Amino acid sequence: MNGLTLVGIAIVVLVLAYLLYGRWLVKTWGIDPDAKTPAYRFEDGQDYVPASRFTVFSHQFNSITGAGPVTGPIIAAMFGWLPAFLWLLVGGVFFGAVQDFTALYASVKNEGKSMGLIIERYIGKTGRKLFLLFCWLFTLLVIAAFADILAGTFNGFNKDGTQNIPGASAASISMIYIFVAMAFGFFTRSLRSSEGTKFTIGVILVVAMLWLGIENPLYFDAQTWRYVVFAYCFIASVLPMWLLKQPRDYLSVFLLLGMIVGGAVGIIIANPEIQMPAFMGWSVKNQPLFPILFITIACGAVSGFHSLVSSGTSSKSIANEKDMLTVGYGAMLVETLLGVVSLVIACSASSSGGLPTGTPFQIFGRAIGGFFTMFGLPENVSTCIIMMCVSALAMTTIDAVTRIGRMSWQEFFAPSEEGVEANIIVKFITNNYVATVITLALAYALCLAGYASIWPLFGAANQLLSALVLTALAVFLRVTGRKGWMLYVPMTFMFVVTMSALVISVYNIILKLSAGNFVFMVDGLQLIIAVALMTLALLVVSNCIKELTSSKPGKNAAAA
């Protein structure tokens with residue numbers, strides 16, 4: 001089997017899925033191209049900001065495409081390329097893309113409300129409170145994990161004290177990106193430029209930023225970059241969407257799509273042979289294929305975090321309901337393609353049935369950098385560009401999830417009854433600035449445990465969130481008189497998978513406790529969060545199932 005065949009199969013499957021299954025979902029549930037979307041109805045210049053289809057697609061794709069599509073498939077290749085490849089395609093088409101599109105669809109049909117508020121409307125206030133608390137705890141894990149990844153990526157020094165030029169250059173480009181994005185946001189908003197003009201200027205700016213950053217690297221240690229990343233998260237959370245988040249995502253999408261295209265074209269030209277066996281066994285390195293495969297590959301197949309982006313930010317920028325298919329379903333399929341490209345690259349570089357040495361990012365970066373040198377780029381420039389692409393993946397996720405964490409905190413404490421004014425304490429802790437500080441402070445405490453300690457729990461929590469969201473969306477579809485049977489298998493499968501993985505995690509932590517090598521700030525904190533997530537998940541699902549089985553189809557159809 002060669003890599004070109006696998007990528008070709010993936011492209012055909014994903015294109016057909018978009019044209020057939022995606023459009024069938026639109027036709028089945030119905031959209032109104034003439035409806036005034038929440039972005040226009042509640043435009044406030046802060047969160048509700050109407051934008052073009054490509055701009056919202058850029059935001060959605062950048063926000064959901066974190067480190068997962070690269071790391072997950074490469075790690076999962078230990079089971080062989082076939083299980084990972086099949087899960088990427090099946091999960092991406094029937095699980096992930098359906099979840100992302102349905103969450104976006106439900107939010108747009110419900111005044112751009114987040115999943116928590118949608119759950120309150122169709123399931124009840126208790127379900128809403130439980131879900132929002134689950135989401136907030138989950139965002140702490142995401143912020144902590146990705147902040148540590150970014151700090152390590154930007155670290156200007158190697159372990160031996162020598163300068164890490166690619167990391168320092170990527171850090172410089174990332175900082176330049178922030179200020180240029182704000183200027184770009186002012187420009188596009190004040191002049192109301194056309195899409196063609198924005199596109200042309202965007203490409204020129206990206207090239208200029210890459211050159212300037214490579215020529216002027218920033219050498220700071222990892223701890224300094226942790227402070228910088230958390231400061232950036234604070235700024236991104238409180239500034240209006242149009243000023244930083246939307247323009248940064250718009251400019252970043254050129255890098256990310258370029259990386260995917262570069263990888264795909266490189267595979268076409270090199271046509272590498274897959275050196276990894278198709279199947280390595282049901283258990284590898286004491287890791288059972290079920291449920292580990294489905295937890296390891298999250299982004300690229302299905303990720304609960306995506307639903308928070310769809311309903312938390314993207315739904316508030318959709319200018320026309322016709323754009324929802326491209327933004328919700330299409331962005332996920334592109335991410336699936338990135339997962340397939342990552343898998344093919346890793347398996348092509350393997351030898352003797354084993355993956356190359358190094359982290360997934362290093363494996364991916366060396367291979368893509370090698371492809372770029374085929375186009376005439378110097379090796380050091382190629383490496384810097386790939387490092388920037390990797391950091392862009394993480395930064396465009398961490399700023400979105402900080403904003404979502406802040407909003408989850410605010411919605412949790414918001415009065416349930418309309419017209420009831422919050423007391424002075426609630427007003428204080430739900431202030432945009434205070435809510436952001438509280439969220440980031442606790443995430444920083446988790447960050448001290450390190451990315452490697454947080455990632456397993458993050459993966460399980462992420463997939464469990466997907467199960468909860470799919471269940472809640474099934475209720476929404478039933479209550480509003482729409483077919484929802486296509487969500488039943490995904491929601492059931494993901495719940496069984498993730499609860500199994502969390503039980504395994506808790507068991508392993510307890511074994512550490514009995515062995516005497518239990519560290520509270522690492523293992524203890526993870527144990528508390530794991531048990532809390534499992535408890536909240538059971539309560540949320542029980543509320544959803546009760547409503548799903550007792551509600552009559554179409555009893556609230558007029559509401560959405």
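What are the residues in the stretch 312-333 that are within 19 Å of residue 68 (Cβ to Cβ), crowded, with 24+ Cβ neighbours inside 10 Å and either without any contact (Cβ under 8 Å) to a residue 60 or more places away in the chain or not aliphatic (A, V, I, L, M) (or both), if any?
Hits for the stretch 312-333 are 312, 313, 314, 328, 329.
So is residue 84 at pLDDT 90 or above and in contact with a Leu (Cβ under 7 Å, 6 or more places away or on another chain) or not?
Spelling it out, residue 84 is indeed at pLDDT 90 or above and in contact with a Leu (Cβ under 7 Å, 6 or more places away or on another chain).
Consider the stretch 200-230. How many of its residues are without any contact (Cβ under 8 Å) to a residue 12 or more places away in the chain and within 19 Å of residue 255 (Cβ to Cβ)?
The total comes to 6.
Quick check on my filter: what residues within the stretch 468-496 are over 17 Å from residue 92 (Cβ atoms) and under 22 Å from the mean Cα position of the chain (by Cα)?
Our first condition is that a residue be over 17 Å from residue 92 (Cβ atoms); within the stretch 468-496, this holds for 468, 471-485, 488, 492, 495-496.
Residues satisfying the conditions are 468, 471, 472, 473, 474, 492, 495, 496.
Of the residues that sit in the stretch 296-332 and are closer than 21 Å to residue 241 by Cβ and assigned to a loop (DSSP other than H, G, I, E, B), which one is nearest to the chain's Cα centre (by Cα)?
313
Assess whether residue 280 counts as being surrounded by 20 or more Cβ atoms within 10 Å (Cβ to Cβ), not basic (Lys, Arg) and not in a helix (DSSP H, G or I).
So residue 280 does not fit the description; no.
Confirm whether residue 183 is among the small types (Gly, Ala, Ser), farther than 21 Å from residue 444 by Cα and over 22 Å from the mean Cα position of the chain (by Cα). It would help to see each step written out before you state the result.
On the way: among the small types (Gly, Ala, Ser): yes; farther than 21 Å from residue 444 by Cα: yes; over 22 Å from the mean Cα position of the chain (by Cα): yes.
Considered against the rule, which asks whether it is among the small types (Gly, Ala, Ser), farther than 21 Å from residue 444 by Cα and over 22 Å from the mean Cα position of the chain (by Cα), residue 183 comes out as yes.
Quick check on my filter: what residues within the stretch 369-382 are part of a helix (DSSP H, G or I), modelled with pLDDT under 75 and not acidic (Asp, Glu)?
Once the filter is applied, which keeps residues that are part of a helix (DSSP H, G or I), modelled with pLDDT under 75 and not acidic (Asp, Glu), the stretch 369-382 yields 369, 370, 371, 372, 373, 380.
More than 18 Å from residue 73 (Cβ to Cβ) and crowded, with 22+ Cβ neighbours inside 10 Å: does that describe residue 302?
Against the criterion (more than 18 Å from residue 73 (Cβ to Cβ) and crowded, with 22+ Cβ neighbours inside 10 Å), residue 302 does not qualify.
Identify the residue in the stretch 334-351 that is among the polar types (S, T, N, Q) and surrounded by fewer than 24 Cβ atoms within 10 Å (Cβ to Cβ) and, among all such residues, is modelled with the highest pLDDT.
Of everything passing the filter in the stretch 334-351, 348 is modelled with the highest pLDDT.
Does the stretch 25-59 hold any residues that are assigned to a helix (DSSP H, G or I) and closer than 18 Å to residue 109 by Cα, and which are they?
Pass one, the stretch 25-59, residues assigned to a helix (DSSP H, G or I): 25-29, 38-41, 53-59.
Scanning the stretch 25-59 gives 25, 26, 27, 28, 29, 38, 39, 40, 41, 53, 56.
Would you point out the residue of the stretch 186-198, among those that are in contact (Cβ under 8 Å) with a residue 40 or more places away in the chain and surrounded by fewer than 19 Cβ atoms within 10 Å (Cβ to Cβ), that is nearest to residue 153 (Cα to Cα)? Spell out the reasoning first.
Keep residues of the stretch 186-198 that are in contact (Cβ under 8 Å) with a residue 40 or more places away in the chain, which gives 186, 188-189, 195, 198.
Filter once more, so that each one left must be surrounded by fewer than 19 Cβ atoms within 10 Å (Cβ to Cβ): 186, 189, 195.
Values: 186: 30, 189: 33, 195: 33 Å.
Applying the filter and picking the extreme gives 186.
Looking at the stretch 23-41, I want the residues that are touching a residue at least 60 places away in the same chain (Cβ under 8 Å) and more than 23 Å from residue 484 (Cβ to Cβ) and have a partner that is assigned to a loop (DSSP other than H, G, I, E, B) and of a type in the set (Ser, Thr, Tyr) with Cβ atoms under 9 Å, at least 6 apart or on another chain. Which pairs are those?
Close Cβ pairs satisfying both conditions: 39/48; 39/317; 40/48; 41/48.
Checking residue 253 against (1) more than 25 Å from the chain's Cα centre (by Cα); (2) within 22 Å of residue 317 (Cα to Cα), only one condition comes out false. Which one?
Going through the list (1) more than 25 Å from the chain's Cα centre (by Cα); (2) within 22 Å of residue 317 (Cα to Cα), residue 253 breaks only (1).
Note down all Cβ pairs under 7 Å where the first residue falls in the stretch 473-496 and is without any contact (Cβ under 8 Å) to a residue 24 or more places away in the chain, the second is among the aliphatic types (A, V, I, L, M) and assigned to a helix (DSSP H, G or I), and they're at least six residues apart or on different chains.
Note: pairs meeting the criteria are 484/474; 484/477; 488/474.
One line per residue, one yes/no per condition, for (1) modelled with pLDDT of 90 or more; (2) touching a Gly at 6+ places or on another chain (Cβ under 6 Å); (3) not β-branched (Val, Ile, Thr):
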site: 5; (1), (2), (3): no, no, no
site: 14; (1), (2), (3): yes, no, yes
site: 26; (1), (2), (3): yes, no, no
site: 31; (1), (2), (3): yes, no, no
site: 64; (1), (2), (3): no, no, no
site: 70; (1), (2), (3): no, no, no
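The values are calculated or read from the model by the stated rules, or taken from the named source; none is laboratory data. Remember, predicted model here, so these are calculated numbers, not experimental data. Cβ: placed from backbone, ideal geometry, glycine included. Neighbour counts: every protein chain shown.
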